[in-house]
Amino acid sequence: ELMTGYTMLRNGGVGNGGQPWVLRWSSRIRLTWLSFTLFIILVFFPLIAHYYLTTIDDADDAGKRIFGPRTGNELCEVKHVQDLCRIRESVSEELLQLEAKRQELNSEIAKLNLKIEACKKSIENAKQDLLQLKNVISQTEHSYKELMAQNQPKLSLPIRLLPDKDDATFPLPKSNRNCRLHNCFDYSRCPLTSGFPVYVYNSDDYPFGSSLDPLIKQAFEATVRTNVYVTENANIACVYIILVGEMQEPVMPKPTELEQQLHSLPYWRTDGHNHLIINLSRKSETQNFIYNVSTGRAMIAQSTFYDVQYRPGFDIVVSPLVHAMSEPNFLEIPPQVPVKRKYLFSFQGEKIESLRSSLQEVRSFEEEIEGNAPADYDDRIITTLKAVQDSKLDFVLVEFTCKNQPKASLPTEWALCGERDDRLELLKLSTFALIITPGDTRLVISAGCAMRLFEALEVGAIPVVLGEQVQLPYNDVIRWNEAALIIPKPRITEVHFLLRSISDNDLLAMRRQGRFLWETYFSTSDNVFSTVLAIIRTRIQIPAAPIREETAVEIPHRSGKAAGTDPNMADNGDLDLGPVETEPPYASPKYLRNFTLTAMDIYRNWNSAPGPFHLFPYTPFDPVLPSEAKFLGSGTGFRPIGGGAGGSGKEFQAALGGNVPREQFTVVMLTYEREEVLMNSLERLNGLPYLNKVVVVWNSPKLPSEDLLWPDIGVPIMVVRTEKNSLNNRFLPWDEIETEAILSIDDDAHLRHDEIMFGFR
């Protein structure tokens, strides 16, 4: 019908002719309806669909959801979908299992890592324990060796050789002039361990004793009483000493009488071996009365020798004993500066006899003198020195004629002029002091020359000795070229040039050395006697007696306060200072160098040329003189009986490949009424390696406070009371010091541990 209507509309409008407006109206109605329908569909339907899509899933009933998730059974209605679901479920289960296994493995790995870390720590701990065990084993072995060394001496003492009767097989020299130690000295009486005992005869028991100078005899007896080597047991003596001079002229015995008295000595043993005859000079005119006395194998010590009489290395040239019973007045000794004085050099003397007459007298004494008379240079010396004085180039004073009566002297010797005080006043104004040896060159030394040398050294005038043949006192152990000029007489014309060319530094060095020699070996009777004994002891290589230890009177004190640690003192960086734990006290060996020090130092000092201020070159026989005791001890540090074998602690010396015992050191701290400062200094020593003990030298007469609590630093603290307040108390050889190394400090010294260890090592 629609198609028909449509056809009719197309054709009716023409064919029917009466209804065209109806067709147009109906067409409009349909188009409007169609547009409205399309509008409704395109607008309202999407809105309704959107509303339902946004609100339909909010229903409470899960079953009414349209777009909600569906269960597996609902989705897997199709067979292949169900297979896929099963595969998914299987894979999910496997993944869950793998995840569980992964977590389990991770937990096991974490546990294994913890076990590995624990094993590493255990290994480190085991290494530390092993190292400690090795150290303990090494320390135990070291301690065992030390204990064995203490119980087993390193050296067996030699058998003491003391013959009960004279040895008839003791070889005799062809002549007494050929006597030396190897053929005229009995070493069997002087073992190394004997201590060098010396027996001194009492001169009053023999007739010649009444002829001795009273002052010399008194001084000699006083010195003998205080000497450490003198013994009253003659059976064990190494050397026997008899004093025979200086003799007084009116009562001097004849040479034959003196010879008989010497041969009658109870321990002379037919030839006098191991005997020392001492003839001291207090005056310049002392005569050589032993010249015509047969002394056998006995050694002679005096100030005057002829060359046919002097036996080098056997006899001893001694200095004159000017200050017999009194100490020299050091306040009257002039200062050593200024270096140059008013006179460049000075000389006063008068020649008594000519050379030829003296030679005739010597020939009457000794028929074996051979050779022609030496040239007499005295006339040339007089002419040259007068020319220098007349030139006015320098102030010099030379007098060849005494204003007063000259002193008595030996033939060809220049006699002294004036009194001793007058001569000293002139020497105080002189830079150099000329000493002209006797014209007779066979007179190798005389009392007059020795007296001039003594006076020059005493007041600081540098000796200029004209005559190279001279044998100055103690010439085999003292280097006289460091304190005096020895010039041959033919060079007299060059003396002025030589003296002017010496610099002030060299002059001062020679003057200082001369002052040291005079104070040490010339000034007193104790020094002279000790030097003579020291020369003999050094020649036969016996070590010196130990310096007497100073008894330490301990002051009671309370300790127990825990010592703190100063961070500034303990900050040592990466430096290994030594053992952390405090070592037990270990004393240094006391004798290892005693028997080798003497021989080694003799060779070193006689064959080297150190500076003039070095003590050893002039004292290889060192330690018995008071002026040397405080410096030398017995050769090493301040130990009273020698020293140990070196090293600075077991660990340190072991690193150098050494095998010596461990070493420790002692702190000697000087203090005076500063308790708080002292306590702080002691606390800073807490934990210091290799510290043996601390010796506090209490220099105040006032004792420390009774309520003072001393710190506990792990080592003993010894508080020593002194007799007087003196800075030199730090140098006393306290018997409480048991180590070779000593750190001497004041109570206000601030030293870090690494600084102390540096000094110790």
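Coordinate-derived values only; no laboratory data. Nothing here was measured: the structure is a model prediction, and the numbers come from that model. Ideal geometry is used to build each Cβ from the backbone, glycine not excepted, and the neighbour counts take in all protein chains shown.
The table below lists the values:
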| read-out | value |
| --- | --- |
| The range 385-522 shape via C-alpha gyration tensor axes, a/c threshold 1.5 | rounded |
| Counting all C-alpha pairs of the range 457-561, share separated by more than 18 Å (%) | 64 percent |
| Shape call, the range 176-317: gyration tensor on alpha carbons, a/c limit 1.5 | oblate |
| Residues whose placed amide H lies under 5 Å from that of SER588, excluding near-sequence neighbours | THR739, GLU740 |
| Cα convex hull of the range 100-151 - mean projected area over all directions, nm² | 3.3 nm² |
| Among VAL317, SER284, THR304 - extreme Cα towards positive end, dipole of the range 249-331, charges at beta-carbon | VAL317 |
| For the range 385-398, 3J(HN,Hα) per residue [Karplus equation, 6.51 cos²θ - 1.76 cosθ + 1.60, θ = phi - 60°, Hz, x = Gly/Pro] | 5, 5, 5, 5, 5, 6, 6, 6, 5, 9, 6, 10, 9, 10 |
| Amide H within-cut-off set for ILE462, under 5 Å, with H built and near neighbours excluded | PHE432, ALA433 |
| Percent breakdown of C-alpha pair distances by 10 Å bin, ordered from the shortest bin, for the range 667-708 | 25, 55, 19, 1 |
| Karplus-derived HN-Hα couplings along the range 313-325 (A = 6.51, B = -1.76, C = 1.60, θ = phi - 60°), whole Hz, x at Gly and Pro | x, 10, 7, 10, 8, 9, 7, x, 9, 6, 8, 6, 10 |
| Filtered trypsin sites (Lys or Arg not before Pro), the range 389-418: DSSP coil and at most 12 other beta carbons within 10 Å | LYS392, LYS403 |
| Coil-residue chymotrypsin sites (Phe, Trp or Tyr not before Pro) of the range 471-504, DSSP, other Cβ within 10 Å capped at 10 | none |
| Cα pair distances exceeding 18 angstrom across the range 444-518, given as percent | 38 percent |
| Whether the range 674-761 is rounded, prolate or oblate, judged on the alpha carbon gyration tensor where a/c under 1.5 counts as rounded | oblate |
| Per-residue HN-Hα couplings for the range 238-245 [Karplus 6.51, -1.76, 1.60; θ = phi - 60°; Hz; x = Gly/Pro] | 8, 10, 10, 10, 9, 8, 10, x |
| Low-density loop positions, trypsin sites (Lys or Arg not before Pro), the range 661-704 - DSSP coil, at most 12 other Cβ in 10 Å | LYS702 |
| Relative contact order %, the range 176-317, counting alpha carbon pairs below 8 Å whose residues are six or more apart | 29 percent |
| Amide H contacts of HIS275 (H built 1.01 Å from N, under 5 Å, at least 5 apart or other chain) | TYR240, MET299 |
